[in-house]
Amino acid sequence: MHSTLSFSRATTVPTTNYAFHSQSPINLRFCGLRREAFGISILTRSSSGRVRLSTRGRSKRISASTGNNGTPPKSFDYDLIIIGAGVGGHGAALHAVEKGLKTAIIEGDVVGGTCVNRGCVPSKALLAVSGRMRELQSEHHMKALGLQVSAAGYDRQGVAGHANNIASKIRSNLTNSMKALGVDILTGFGTIVGPQKVKYGKVGFTDNVVTAKDIIIATGSVPFVPKGIEVDGKTVITSDHALKLEFVPDWIAIVGSGYIGLEFSDVYTALGSEVTFIEALDQLMPGFDPEISKLAQRVLINPRKIDYHTGVFATKITPARDGKPVIIELTDAKTKEHKDTLEVDAALIATGRAPFTNGLGLENINVVTQRGFVPVDERMRVIDANGNLVPHLYCIGDANGKMMLAHAASAQGISVVEQVTGRDHVLNHLSVPAACFTHPEISMVGLTEPQAREKAVKEGFEISVAKTSFKANTKALAENEGEGLAKLIYRPDNGEILGVHIFGLHAADLIHEASNAIALGTRIQDIKFAVHAHPTLSEVLDELFKSAKVKAPASTSSPISEPVAA
Amino acid sequence: MQTQLGSAAFPRLLRRSLSYIPSILYSLHSLLNLFHFFRFLSNSAPQSQKHKEMASPFLSNTTISFSSSLSSSSLPRIAPSIPFSSIRSNSTPRRILTVRSKIREIFMPALSSTMTEGKIVSWVKSEGDVLSKGESVVVVESDKADMDVETFYDGILAAIVVGEGETAPVGAAIGILAETEDEIAEAKAKAASKSGASTPSAPPPAPAPGAASTPGPPKSTPAPAAPTVAEGPRKTVATPFAKKLAKQHKVDIESVVGTGPYGRITPEDIEAAAGLSPSKKNVGLAVVVETKPAAPAKAPAASAAPSSLPPPVPGSTVVPFTTMQAAVSKNMVESLSVPTFRVGYPVTTDALDALYEKVKPKGVTMTALLAKAAAMALAQHPLVNSSCKDGKSFTYNSNINIAVAVAINGGLITPVLQDADKLDLYLLSQKWKELVEKARAKQLQPQEYNSGTFTLSNLGMFGVDRFDAILPPGQGAIMAVGASKPTVVADADGFFSVKNKMLVNVTADHRIIYGADLAAFLQTFSKIVENPESLTL
C-alpha cells in the first residue's frame, strides 16, 4: 500500500514542476542511484511496506520517474493540507508556499491557536504589565535609580483589554499573512477519512472532502485538568480563563509550577494577589536545570507573597459556591494519604497541556494515540498501530508531544515541508530554545546539567560547566538588575555546547546566541571570538563562552560545519 | 543581598575558598569547642544574641563552617528517651553509652551572621558513605548562598537526620557520623529519635511514635500541619504572606485571630499582632515588601500619608481616584507645606449687581466681573500676585492670570483667564465661555489650567455666605467669594440702610504676603467692586 501511494506522487509532478527544476542538481546526483534505489523500493513494498529513512528522498524520485509506468494518475486538490492553524500550522503553511506547494489550512476555531489566542501572546501582555508594576512597586529599586514614583495602580479592565487587543492583532496578522500568500483557509473541524483525504465542516453543515498529497496534523493541545478538579471558569480556572483576567483574587492557588504556573505567579503577585503553589514533584520548577530553578526560587518565589506545597497532588478542587471558598484537598504524592486542605479564593490549574487529537479520525488510518499524543518518528512521520510509518501523514507541535512549544511546532512544520519538497531534514530538538517570561526571565537550550552528566557517563565523555553572573555585566548593573546567572554545559575536549541556561534580565532574548550555535554546530573555541557590542547584556554570554576551558584549538576554516542532528 | 555583596565574585569566591578549608581546618579545630558551646546555648530557648554574634562572624569569616562534634553531651539525654521498640532491633542501650564518643552529629552551620536556619540543598554523600576529613558532605542553603559543608572527622555517614529540601535551625543536628561500621546501627537509632516521625528520608525501620526527644529548636517555627489533621477544632488558615510575616516577626500564628475572608489570617492581622502599622495599601494593592525587614524603613516613608487608618467599615466600597482626583489629592497634600493665613473682608455689591444686570445681556458673567475686579486690584498690588517657589525668594509674575475654580464632571479644575487685567470685560467673558466648554470636553491645554497666578473660587451662587479656600501650590493667594446678601448696615451717622454685602476671604502664603498687604489688596478690591464703572473701561 505504501508503494502505491508513493507512486501516486508521480501524478503531482506536473503541479509541482518547480520542485524538479529548482532541485535538479540533487536529482542528477541521485540519477546514478536510481536503479538500485528502485530495487529497494520494490523490495520494501513486498516486505514490510516500510521505507528506510535514508532512502526516503530517493525512493520518491524513483516513483516519480516510474510514475508513467502504468499507475493511473490521480490528482489532488492540494499539495499540502495542514489541520490546525496555530503557530505550527502557520509556520508550515508559510514555508510550504515559499516552496511552491498549493497549500490549505483547516481551522475549526480561530486562527492562531493556543499560542496567539490563549497562550504565549496574551500572557506576554499580562507579563508586560506585571513587569512594570513590579518595577514601580519596588521602592528599593526605584530609589537606587534615583526615581520617585507615587503609588502605582492598575485598572484590571485596561490590563485585560491590552491582552485581548494584542491577541486579536496578532491573529489578524497571521490570517492576513496566509491569505496574502494564497493559503486557502478552510473553516471547520478537520477529520482524516483515509489516506491523503480529509473532510472538514462545521457542525450542522455538510462536510467537504479534500485530498492532498501530504497532510500535516497540527491540532495542538488544550489545558490538562486532572480528574477530581472541577473547573467552573470563575474561581477554578485554567490558563484559558486566567488570560482574560476577569478577576484578581486576593489569594490564588496555582497547581503546577512549570512555565505556565510560574508566569502566572509573576502576574498575580504583581497585581497584588498572594499565591500558593501546589507541585506534585518534590521540587518547585521541575524541568529546569536544578541550579537555575534554585536561584529562580530564591528570586521569584521566596521574597514574594508565595508559599508552596511540594510532593502533593491536588486530588479534589471544588469551586467557591454557597458562601464557601475554593477548597483544595492535598494528597501526599507518595503515600497517597490525605495531607492538608486549603481554602483559597481561586485556583489556577497549570498542570500542563493535553493533546487535542480527538475526532481527528486517526482510527481510519489505523493510528492509535498514546495518552492522546500522535506517535511520530524523528521526522514527524506518523506511526500507525503496527509500528509502521503512515505515508504522507505528519504530525507536528503539541499534538505529537515531542516538545510542547509554539516555535518548536513551527520548526517541526518547516522540517516536514523540507522533507516533502525533497530535502531530507531532521530537526535537532536540542537546539530549540525555551523561555519563561517571569521577571527576571529564565531561558534554556539543550540539556540540563543532570541530563548532560547522564549522557556523558553513557557515552563516555567528560563535561564541564562554566558560569557567569549578571552582577559582572555593565548593562545589567546600569539597569540595576544584577540578579542573574548564565550557565554553560559543554564538552571540554571538543568544545561542543551541550546546554545553556540563563536566569536574568532579558534571558529569553539572550538564549538565541547559544541555540543558534547549537543548531549550526558552532563550537565554543570558535564562537568565543565573536564580538559583542559593549555594554550590552549579550556580553553575559560572551563572558560565558570565554570562561569555558576547551582543549581543542579554534578551527582554522569556517566555524560553521555540518548541522548537528540529534 | 545584592547591594550588600555588590561584587559578582563574592559567591564564587566563597566557593573557591572552600578548597582552602583543609589547610585551615586545624585552626578551626580549636573553634570547635566554641561552636559546641554555641550550639549548647542555642538550645536554651531565648537565643543568646550576644553569643551568636560572637560565634557566627567567626565562623562565617572562615567561610564555610563545618560542624560535627562529639555528641557526648546529647547522648545521655537521648538514650533514655528512645523507646524500646525502636532499639530492639538494634543493640542494647548499654552499648550506646559505651560508644558514645564514636558517634558524632553534624550540625547545621551558621553560614552568615544573619542566618538563623538553613535548608539542606543536597547531600553530597549518602548514608553509608565513608567520609574523610575535609570532604564535602552536604550543601546548605543560607539566606545568602549555597555552600558546601565539610566534615572534620573521618567516619561513615550513618544517618541523615534532615533530608534534602528540609530546613533546620542553626546548630541542630542534620546528620550522624559513625566512626566504624559497628556504630552505624546505633547512629541510626539515634537519628530516628532525632528526626521523630517527620523526616521521610530518615531510614529507621520503625520511627518511634511520639518520640519528641529532639531538643527544642531555638526558634519555634510554625509546625507544619500534622499528616492527619483531626477534624476537631477548625484549623488555622493563613495566607502565604501572612505566614511569611509571622515567621519574620516571630508571631505565633496559632494565637492570631483571623479577620480575613472565611476567618483567614491576613498579613494585616499579623502586622497588628506584631504591633506594626499596617502596610500601605494603594488602590487596593498591597505594596510588595521585599526581603528586607520592613518595619524600620517604613516609618519615614509613610510620613506623608496618615499611617494608621481605621479598619474599613464592613460593606464599604473602595473606588480608586481618577487621574483628575489623584491630581487634586496630590496638590492638596502638597499645600500643607505652605504656611497660610486668611483675611476676610465684607464688600458692598449694590453697584456691582446693578452693573451686572446691565451687562448681562451682552454675555458678561459674574465670574468675569469678579475676575476682572480681582485682576485690577492685583495690578495695584503685585505682591499678592507673586508666589514663593523655593521658600527663599519672591517670584513676581509679569502677567495677571486669574484661575477660576469650577466643578466639572465630578472633578475640580481651574481654567485660567490669562492677562485678566488687560482684556476688557466682554473679551474676558467670551474667553471664559470658551474655557468652560473646553473644560467640559476635557480639551483644556495645560497652560489653560496651570498658568494661574491667583485663584478665584466662588460658591456664592449656592448661598454659601463665607468659606475659606486652600491655597494651591505655586500661587501666592486665593480668594473665596461668598453670596451677596441684603444686610442691614449702619453708617457713620447712625443711619440704618440695607445694602447687598458679600464676604470675601483670601488665603495667602505668609512667607511672602503679610496681613497688611492682604488688607490693602482687599481694600482696593472692595473699592473697585463698590465703584465698578472702571470694570467696563
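The values are calculated or read from the model by the stated rules, or taken from the named source; none is laboratory data. All figures in this text were calculated on a predicted structure; none of them were measured in a lab. Using ideal geometry, Cβ is built from the backbone for each residue, glycine included, and neighbour counts are taken over all protein chains shown.
Restricting to region A:411-449, name every residue that is part of a helix (DSSP H, G or I) and β-branched (Val, Ile, Thr).
A:ILE414, A:VAL416, A:VAL417, A:VAL420
Taking A:ILE252 and the conditions (1) closer than 25 Å to A:GLY158 by Cβ; (2) modelled with pLDDT under 95; (3) within 13 Å of chain B (Cβ to nearest Cβ), which numbered condition does it fall short on, given that it satisfies the others?
The one condition A:ILE252 does not meet is (2).
Yes or no: region A:432-443 includes at least one residue that is at pLDDT 95 or above and touching a Pro at 6+ places or on another chain (Cβ under 8 Å).
yes
Filter region B:406-446 for residues that are of a type in the set (A, V, I, L, M, F, W, C) and part of a loop (DSSP other than H, G, I, E, B); which is farthest from the chain's Cα centre (by Cα)?
From region B:406-446, those of a type in the set (A, V, I, L, M, F, W, C) are B:406-408, B:412-413, B:416-417, B:420, B:423, B:425, B:427-428, B:432, B:435-436, B:439, B:441, B:444; that's our starting set.
Then keep just the ones that are part of a loop (DSSP other than H, G, I, E, B); that gives B:420, B:423, B:441, B:444.
Numbers: B:ALA420: 46, B:LEU423: 51, B:ALA441: 39, B:LEU444: 36 Å.
Top of the filtered list is B:LEU423.
Out of (1) free of Cβ contacts under 8 Å to residues at least 60 places away in the same chain; (2) over 30 Å from the mean Cα position of the chain (by Cα), what's the single condition that is false for A:ILE328?
Of the numbered conditions (1) free of Cβ contacts under 8 Å to residues at least 60 places away in the same chain; (2) over 30 Å from the mean Cα position of the chain (by Cα), the odd one out for A:ILE328 is (1).
Within region A:286-324, take every residue that is within 12 Å of chain B (Cβ to nearest Cβ) and of a type in the set (Ser, Thr, Tyr) and give me the one that is surrounded by the fewest Cβ atoms within 10 Å (Cβ to Cβ).
The selected residue is A:THR310.
Could you say whether any residue in region B:387-395 is assigned to a helix (DSSP H, G or I) and among the aromatic types (Phe, Trp, Tyr)?
So in region B:387-395, the residues assigned to a helix (DSSP H, G or I) come out as none.
For region B:387-395, residues assigned to a helix (DSSP H, G or I) and among the aromatic types (Phe, Trp, Tyr): absent.
Considering region B:147-178 alone, what residues qualify as being hydroxyl-bearing (Ser, Thr, Tyr) and either surrounded by fewer than 24 Cβ atoms within 10 Å (Cβ to Cβ) or at pLDDT 80 or above (or both)?
B:TYR153, B:THR167
Cβ contacts < 8 Å: first residue away from every other protein chain (no Cβ under 11 Å), restricted to region A:135-157; second residue modelled with pLDDT under 85 and not in a helix (DSSP H, G or I), any location; separation 6+ or different chain. Result?
Going by the 8 Å Cβ cut-off, the qualifying pairs are A:MET142/A:GLN148; A:MET142/A:VAL149.
Considering only region A:251-285, state which residues are buried (at least 23 other Cβ atoms within 10 Å of the Cβ), among the small types (Gly, Ala, Ser) and more than 18 Å from A:GLN137 (Cβ to Cβ).
A:ALA253, A:GLY256, A:SER257, A:GLY261
Can you find a residue in region B:418-440 that is modelled with pLDDT of 85 or more, crowded, with 20+ Cβ neighbours inside 10 Å and of a type in the set (Asp, Glu)?
Yes; the residues of region B:418-440 include at least one that is modelled with pLDDT of 85 or more, crowded, with 20+ Cβ neighbours inside 10 Å and of a type in the set (Asp, Glu).
Among the residues of region B:373-380, are any surrounded by 21 or more Cβ atoms within 10 Å (Cβ to Cβ) and at pLDDT below 90?
no
Would a scan of region B:484-500 turn up a residue that is in contact with a Gly (Cβ under 6 Å, 6 or more places away or on another chain), more than 26 Å from B:LYS392 (Cα to Cα) and touching a residue at least 12 places away in the same chain (Cβ under 8 Å)?
Pass one, region B:484-500, residues in contact with a Gly (Cβ under 6 Å, 6 or more places away or on another chain): none.
Among the residues of region B:484-500, not one is in contact with a Gly (Cβ under 6 Å, 6 or more places away or on another chain), more than 26 Å from B:LYS392 (Cα to Cα) and touching a residue at least 12 places away in the same chain (Cβ under 8 Å), which makes the answer no.
Checking A:LEU245 against (1) touching a Leu at 6+ places or on another chain (Cβ under 7 Å); (2) closer than 30 Å to A:VAL159 by Cα; (3) at pLDDT 95 or above, which single condition isn't satisfied?
Of (1) touching a Leu at 6+ places or on another chain (Cβ under 7 Å); (2) closer than 30 Å to A:VAL159 by Cα; (3) at pLDDT 95 or above, only one is false for A:LEU245: (3).
Considering region A:141-159 alone, what residues qualify as being buried (at least 16 other Cβ atoms within 10 Å of the Cβ) and assigned to a helix (DSSP H, G or I)?
Of everything in region A:141-159, those that are buried (at least 16 other Cβ atoms within 10 Å of the Cβ) and assigned to a helix (DSSP H, G or I) turn out to be A:HIS141, A:MET142, A:VAL159.
Pairs please, first residue from region A:493-512 and under 18 Å from A:ASP542 (Cβ atoms) and assigned by the TED database to the domain that holds A:GLY446, second anywhere and of a type in the set (Ser, Thr, Tyr) and part of a strand (DSSP E or B), Cβ atoms under 7 Å, 6+ apart in sequence or on different chains.
Qualifying pairs under 7 Å: A:ILE497/A:TYR490; A:ILE502/A:SER443; A:ALA507/A:SER443; A:ALA508/A:SER443; A:LEU510/A:SER443; A:ILE511/A:SER443.
Go through region A:270-285 and report how many residues are more than 26 Å from the chain's Cα centre (by Cα) and more than 7 Å from every other protein chain (Cβ to nearest Cβ). Quick ask: steps written out before the conclusion?
Initially, region A:270-285 is screened for residues more than 26 Å from the chain's Cα centre (by Cα), giving A:270-276.
The next check asks that each one be more than 7 Å from every other protein chain (Cβ to nearest Cβ); those that pass are A:270-271, A:273.
So the count comes out to 3.
Considering each residue of region A:101-134, count those that are away from chain B (no Cβ under 14 Å) and over 20 Å from A:ALA350 (Cβ atoms), and give that number.
Result for region A:101-134: 12.
Whether any residue in region B:447-466 is under 24 Å from B:GLY515 (Cβ atoms) and more than 43 Å from the chain's Cα centre (by Cα) is what I want to check.
yes
If a residue must be crowded, with 18+ Cβ neighbours inside 10 Å, within 13 Å of another protein chain (Cβ to nearest Cβ) and of a type in the set (Ser, Thr, Tyr), how many such residues does region A:455-507 contain?
The total comes to 2.
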